[in-house]
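To keep things clear, I will list the structure first and then write my remarks on it.
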Amino acid sequence: MGSKSTPLDKINLRLILVSGKTKEFLFTPNDAAADITDYVYNNWPTEWAEEKLPESNILRLIYQGRFLHGNVTLGALQLHLGKTTVMHLVARENLPEPNNQGQLKKDKSGEGNCSNCCILL
């Protein structure tokens, strides 16, 4: 899908900025979201020069509409080796809390206990 052939042991990430600029990077399935944002920050593309951010710790990845927390690996996302995957790269101080299907939430009365609920993995 990219202009170059992706090695079969790597995942090609096409990162898109809010401005619409894109750049592709190669990573392994063991690379975590925090490793990826650190790498991109330290190897900021020259064509993104005007987008440079003051701190690497505010870069966040979005995949399929969800923010990736720092310890999530590409392998855990079951991304295909040798293929290109598109993610968004944004600047954001804090991430929303994970919201898994079946997660207990407090209702309007403030009660959070529910004997009929279960956590789905």
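Every number in this text was worked out from the coordinates using simple rules, so none of it is lab data. This structure is a prediction, so every number in the text was calculated from the model and none was measured. Here Cβ is always computed from backbone atoms with ideal geometry, including for glycine, and neighbour counts include all displayed protein chains.
Here are a few things to note about the model shown:
- Using C-alpha pairs under 8 Å with a sequence gap of at least 6, the mean separation divided by the residue count of the range 11-91 gives a relative contact order of 47 percent.
- P(r), alpha carbons of the range 11-91 - 5 Å bins starting at zero, rounded %: 3, 15, 30, 29, 15, 6, 1
- Here the spin labels are modelled as points 7 Å beyond Cα on the Cα-Cβ line, and at Ala91 and Glu55 they lie 1.2 nm apart.
- For Lys10, the residues whose modelled amide H falls within less than 5 Å of its own, excluding neighbours fewer than 5 places apart on the same chain, are Gly82.
- Residue separation of Tyr39 and Lys83 scaled by 0.36 nm, minus their Cα-Cα distance, works out to 13.9 nm of gained length.
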